[in-house]
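A short write-up of the structure that comes next.
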Amino acid sequence: GQQLLVMEAMKMEHVIRATASGEVKRIDVEPGDTVYEGHALVYMEEGEVDLAEVAADEEVDLDAIRPDLAEVLDRHWHTTDEARPDAVEKRRKTGQRTARENVEDLCDPGSFVEHGTITLTPGTGLPLEEVVRKFPGDGMVCGVGTINGDLFPEPTSRSVVLSYDYTVLAGTQGAINHPKTDRMLELAEKWRMPMVFFTEGGGGRAGTGGRREGGKAPDEARDLGAYRPLDTPTFATMGRLSGLVPMVGINSGRCFAGNASLLGMCDVIIATANSNIGMGGPAMVEGGGLGVFAPEEIGPMDVQVPNGTVDIAVKDEEEAVRVAKQYLSYFQGPIKDWDCPDQRLLRRAVPENRLRMYNVRDVIHTMADAGSVLELRPQFGLGMVTAFIRIEGRSIGVIANNPAHLAGAVDSDGSDKAARFMQLLDAFDIPLLVLCDTPGMMVGPEVEKTALVRHCSRLFVIGANLTIPHMTIVLRKAYGLGAQAMAGGSFKEPFFAVAWPTGEFGGMGLEGQVKLGFRNELASIEDPQERQRRYEELVARAYERGKALSAGTAFQVDDVIDPADSRRWVTSALSSYRKPPPPHDKKRRNVDTW
């Protein structure tokens, strides 16, 4: 048979094996002996030995699960939805998916590698078996996976994904939950991976760590010594990601306090119709003596969408995930396969009647690759349209005046919306296309109450400091400071500034020029019909001086073009642009949250 000799050294056991076949004749050590280098252990006589029995003993069953592995696999299983049917059923009653279902839908199949899977919620005072069953992961599912891997190769498609798990203590932030979040944010920062965050949850967690155990009161001295609510690095770490990597926040259901803070730091907020988002939930509001409210009364979507908090409103989590994938794609690079509408449609996009309203979104959808338009904040800052599109597969940001709101005049909300979008594009080297149709800055006592002087100036300051190519196409009106703001401060600032034949240029609107410049002459004409005739004649003369063809002749713009050639001008500019290598540090220190 076999003789087994085991030697212990430095707390490790080493099996001593014979170097040849034979029989053991003498053993010079006893169990427990201390031996030194050169000490003889066993004397053998070489000879032929039948090793058949030895070989049989050494066969390994690759499917066998050892007890230590079985314990780990069991703990992992308890984190799955399959192990928690009651929790899954609660989500079904609210029409929502579980955290793991959302993550699996977002990431490419089989690509998500979870971190901190078997962590548990501490300080509950409950038996381990109950904590394993009720509080897996301390309410946080997080890891790294690929998104849009079918379009973009790794590492471009690799992203950090985090999701609060509302089935565990309402997705609140706890003692292990925060360090897990920090760990993932640090990975995103160090390796420059985009981050997607599902933020549903109630904010900072209260009530764990000081609960009664075995009927005894908690150790107050111990609890006081461990009470450190304000030194978690999560919020600072999250803030440093701004401008470094794309940050996508997705919310479904209730999102309050700390969870809402992290959501608010994201570049884009995608929220479902059942979302309630607020810096304080009902308990905090009541605790502040501000009244008693149901969760549904705090930050519903009919408030948070028109006020600009939510960038993209969606129906449910399935649509939210689809939109998140599309949003991320603009930052992941160009795509090869694309198609576009017949560009001759643009020739009729702006009516010949210069006073007739039209839909600028139709212009954007016609100019862009088919199916590539994703608009942000459509119900906020109504005078501006901000959207991501693709032209010949390449990502572009579009800012357009909306003539359906204040005739396209620039107001405070529109300025903030456009200026912040410029920062986002500049931070990640995505070119900007501006579609200009504005009578200028909005004026009057009411708009000045909104601090327009400060807000609209953001367009000049940010526009003049962009490092990306920005291109301006004048669709119709280009008047005054509003038009200059849309062009980055000057029509010589963009890579190109061109106009469609419908373009109009001037220091202010034509009608305003005539009314002010010829006020006395018009007032002296007593016959109303004659006065109107003279007024229209003066407007026509002003239009002749300021029409696109005249602006092109004076080289106020680079050219007046066939609208059907708009994409050609854009692609020519993009082909001339060499995207700089990623800087060692962030290109922009941060992107405004507003």
Largest-first ranking of ASP337, ASP182 by accessible area, probe 1.4 Å, whole protein assembly kept, is ASP337, ASP182
Computed over the chain: longest principal axis from alpha-carbon atoms vs helix 412-427 long axis, angle to nearest 10 degrees, is 50
With a ≥ b ≥ c from the Cα gyration tensor eigenvalues, square-rooted, and the rule rounded for a/c under 1.5, otherwise prolate when a/b > b/c and oblate otherwise, the stretch 32-182 is prolate
Mean separation of Cα contacts under 8 Å (at least 6 apart) over the residue count of the chain, i.e. the relative contact order in percent, is 8
Ignoring ligands and nucleic acids, LEU382 exposes an accessible area, probe 1.4 Å, in Å² to the nearest 10, of 70
Rounded to the nearest 500, the 222 nm mean residue ellipticity computed for the chain from DSSP H runs (n ≥ 4, each -39500 (n - 2.57)) alone is -9500 deg cm²/dmol
Quick calc, the stretch 394-552, dipole around Cα centre from Cβ unit charges on Lys, Arg (+) and Asp, Glu (-), nearest 20 debye, gives 260
Heavy-atom accessible area of the stretch 375-448 with neighbours in place, 1.4 angstrom probe: carbon+sulfur share in percent works out to 57
Answer in debye to the nearest 20: the dipole magnitude of the stretch 243-326 about its Cα centre, from +1 Lys/Arg and -1 Asp/Glu charges placed on Cβ, is 180
In the stretch 258-349 the accessible area split gives carbon plus sulfur, as whole percent at 1.4 Å, a share of 56
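Where in the chain is the longest stretch that carries no GluC sites (Glu not before Pro) classed as loop by DSSP and with at most 14 other Cβ atoms within 10 Å? Show your work: numbers first, answer last.
Numbers: sites that count: GLU37, GLU48, GLU58, GLU59, GLU82, GLU352, GLU526.
Between exposed loop sites, the widest span is 83-351.
Please tell me which of these pairs span more than 22 angstrom C-alpha to C-alpha: LYS93/LYS180; LYS492/LYS587; LYS417/LYS449?
LYS93/LYS180; LYS492/LYS587, as the Cα separations exceed 22 Å there.
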Expected field for LYS449, accessible surface area in Å² at 1.4 Å probe radius, rounded to 10, holds 150
Once the in-chain neighbours fewer than 8 apart are removed, the aspartates and glutamates whose Cα is under 12 Å from LYS325 read ASP105, ASP108, ASP150
Of every hundred units of 1.4 Å-probe accessible area on the stretch 523-566, the number belonging to carbon and sulfur atoms, as a percent, is 49
Inter-part gap, Cα centre of the stretch 104-165 to Cα centre of the stretch 388-413, in whole angstrom, is 37
Kirkwood Rh over alpha-carbon pairs of the chain plugged into Stokes-Einstein at 25 °C, 0.890 mPa s gives a D in µm²/s of 85
In the chain, taking the dipole from +1 charges on Lys and Arg beta carbons and -1 charges on Asp and Glu beta carbons about the Cα centre, the listed residue (GLY408, ALA485, GLY506) farthest towards the positive end is GLY506
Row for the stretch 308-375, column shape: gyration tensor on C-alpha, a ≥ b ≥ c, rounded if a/c < 1.5 i.e. under 1.5, prolate if a/b over b/c, else oblate; value oblate
The answer for the stretch 239-282, accessible area per residue at 1.4 Å probe in Å², is 19
With the 8 Å Cα cutoff and a minimum separation of six or more residues, the stretch 120-196 has a relative contact order in percent of 33
Heads up, the stretch 419-563 by the C-alpha gyration tensor (a ≥ b ≥ c square roots of eigenvalues; a/c under 1.5 rounded, else a/b over b/c prolate, else oblate) looks oblate
Computed over the chain: longest principal axis from alpha-carbon atoms vs helix 452-464 long axis, angle to nearest 10 degrees, is 70
Given the candidates SER550, HIS365, LEU376, the one whose Cα lies deepest towards the positive end of the charge dipole of the chain, counting +1 at each Lys or Arg C-beta and -1 at each Asp or Glu C-beta, is SER550
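Using a simple charge model, +1 on the beta-carbon of Lys and Arg, -1 on the beta-carbon of Asp and Glu, nothing else, what dipole does the chain show about its Cα centre, in debye to the nearest 20?
3900
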Scoring the stretch 27-186 by relative contact order with C-alpha pairs under 8 Å, at least six apart, yields a percentage of 18
Projected onto the charge dipole of the chain (unit charges on the beta-carbon of Lys, Arg, Asp and Glu, signs +1, +1, -1, -1), the Cα from MET193, ALA271, GLY47 with the largest positive-side position is that of ALA271
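The values are calculated or read from the model by the stated rules, or taken from the named source; none is laboratory data. A quick note: this is a predicted structure, and the numbers were derived from the prediction, not measured. Backbone-built Cβ (ideal geometry, glycine too); neighbour counts: all protein chains shown. Surface accessibility is based on the protein's heavy atoms, side chains included, excluding ligands, DNA and RNA. Shrake-Rupley method; radii C 1.70, N 1.55, O 1.52, S 1.80 Å.
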